[in-house]
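Just so you know, all these numbers are worked out from the coordinates, no wet-lab data involved. The shown structure was predicted, so the numbers you read here are calculated from the model rather than taken from an experiment. Ideal geometry is used to build each Cβ from the backbone, glycine not excepted, and the neighbour counts take in all protein chains shown.
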Amino acid sequence: MSTITTVAVLGAGQMGAGIAHAVALGGYSVRLYDVAPARLPLAQGEIAASLSRHVGRNLVTQAEADAALARIAVTTVMADAVSDADLVIEAALEDEAVKKALYAEVAPHLGPQTLLASNTSSISITRLASASDRPDRFIGLHFMKPAPVMRLVEIVRGIATSAETHAAAVDFAESLGKTTTDAEDFPAFIVNRILVPMMNEAIFALYEGVGNVASIDKALRLGANHPMGPLELADFMGLDVVLAIMNVLYDGLADSKYRPCPLLVKYVEAGWLGRKSGRGFYDYSGETPAPTR
Ligand SMILES: NC(=O)c1ccc[n+]([C@@H]2O[C@H](COP(=O)([O-])OP(=O)(O)OC[C@H]3O[C@@H](n4cnc5c(N)ncnc54)[C@H](O)[C@@H]3O)[C@@H](O)[C@H]2O)c1
């Protein structure tokens with residue numbers, strides 16, 4: 001297996017930008033691709049701002065931040081992004097059809113040894129791998145948000161993932177200073193199988209009037225020592241992502257305990273997606289987030 005020096009990241013949203021940041025700081029050359037041209041300058045701005053914050057907190061030096069930024073090239077041309085990549089990390093929308101179409105599109109441009117990873121939060125790695133041209137070199141590399149800060153990378157093997165691919169993925173994640181945990185390929189893996197139904201339950205508690213946004217988040221922050229309340233965390237993840245994960249759990253496990261709360265569905269239908277759209281369970285237009293219910 002060849003060593004990894006160049007990494008392509010497909011999708012420059014919240015996660016793609018964060019992964020590009022973390023990978024560039026790890027010393028790799030990064031090619032950041034998005035289908036939406038307007039996303040790329042925004043992602044570059046977010047990465048620069050995030051690196052500056054890390055310099056301010058003495059997590060990296062200015063020289064390391066400058067070098068990391070210089071290692072990230074952005075493009076809307078798929079071939080330019082992936083043709084010299086040793087590892088491709090897909091971080092596009094949490095939509096199985098979108099991801100599968102992307103693997104078909106990328107296949108002709110990949111080198112024979114290139115590893116293909118998905119950052120999916122919940123979708124079956126075996127199913128995604130089967131839509132690629134390389135199921136043995138396909139793996140789930142699940143970074144948490146924010147990717148530059150969170151220590152864990154959840155590693156998910158599909159049924160066809162080779163032992164060499166798994167070892168390379170673990171080595172790669174560790175080279176970024178991350179710790180890995182292995183999850184079997186069941187819907188939403190470990191972290192989101194447990195975390196996201198808790199957020200959905202918090203939304204049910206809000207929907208049924210057990211508490212309001214502030215009281216529910218305060219209860220879990222102070223009563224369970226969670227660093228963020230569940231509604232604050234759902235807004236941070238993106239309510240469309242939270243809903244997509246609940247749907248994967250509901251469809252994949254066929255158990256009514258995973259039904260998405262109707263209030264979550266309504267918020268997503270309204271375009272209230274949380275922090276990234278300016279409104280979710282909190283309104284982000286002012287100085288500090290204001291609870292909306
Ligand atoms: N938000 C989280 O907390 C979180 C955490 C871990 C993993 N994830 C996973 O990461 C992935 C991305 O989530 P996100 O929160 O960054 O979403 P996002 O909506 O912020 O970003 C998705 C990006 O994908 C781009 N995109 C759409 N179709 C594409 C295509 N065909 N080719 C390339 N780019 C395309 C969009 O333009 C957008 O920039 C999802 O699979 C999600 O489940 C999300």
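What percent antiparallel are the DSSP beta bridges of the chain, to the nearest 5? Don't jump to the answer; show the numbers that get you there.
Working: 9 of 34 bridges.
Close to 25 percent.
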* Asked: Looking only at VAL74, VAL170, VAL149, which one moves most when the chain is put into a Gaussian network model with springs between Cα atoms under 10 Å?
  -> VAL149
* Structure fact -> Looking only at lysines whose Cα falls under 22 Å of LYS99's and that sit 8 or more positions away or on another chain, we get LYS145, LYS276
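Just flag the trypsin sites (Lys or Arg not before Pro) in segment 33-90 sitting in loop per DSSP whose Cβ has no more than 11 other Cβ atoms within 10 Å. Don't jump to the answer; show the numbers that get you there.
Values: sites: ARG39, ARG53, ARG57, ARG71; in loops: ARG57, ARG71.
Sites meeting the loop and neighbour criteria: ARG57.
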* **Signed unit charges on C-beta, dipole axis of segment 6-183, positive-most listed residue ALA49, VAL156, ALA169** => ALA49
* Asked: Per residue, how much space in cubic angstrom lies within the convex hull of the C-alpha atoms of the chain?
  -> 130 Å³
* What does the charge add up to near LEU93, with Lys and Arg as +1, Asp and Glu as -1, over the other residues with Cβ less than 9 Å from its Cβ? -> -2
* Asked: Which percent of Cα-Cα pairs in segment 241-293 sits in each 5 Å bin, short to long?
  -> 5, 20, 24, 19, 14, 10, 6, 2, 0
* To do: Scan the chain and hand back the longest stretch that contains none of the GluC sites (Glu not before Pro) lying in DSSP loops with at most 11 other Cβ atoms within 10 Å.
  => 1-183
* Value of [θ]222 nm, deg cm²/dmol, for the chain, DSSP H segments ≥ 4, -39500 (n - 2.57) each, nearest 500 -> -14000 deg cm²/dmol
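What net charge do the residues around TYR282 carry, taking every other residue with its C-beta under 15 Å from that of TYR282, with Lys and Arg at +1 and Asp and Glu at -1? Mind showing how you got there, number by number?
Details: positive: LYS218, ARG221, ARG275, LYS276, ARG279, ARG293; negative: ASP217, GLU232, ASP235, ASP283, GLU287.
After counting each charged neighbour, the total is +1.
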* **Proximal lysines relative to LYS257, as straight alpha-carbon distance under 20 Å, when same-chain residues fewer than 8 apart are discounted** => LYS266
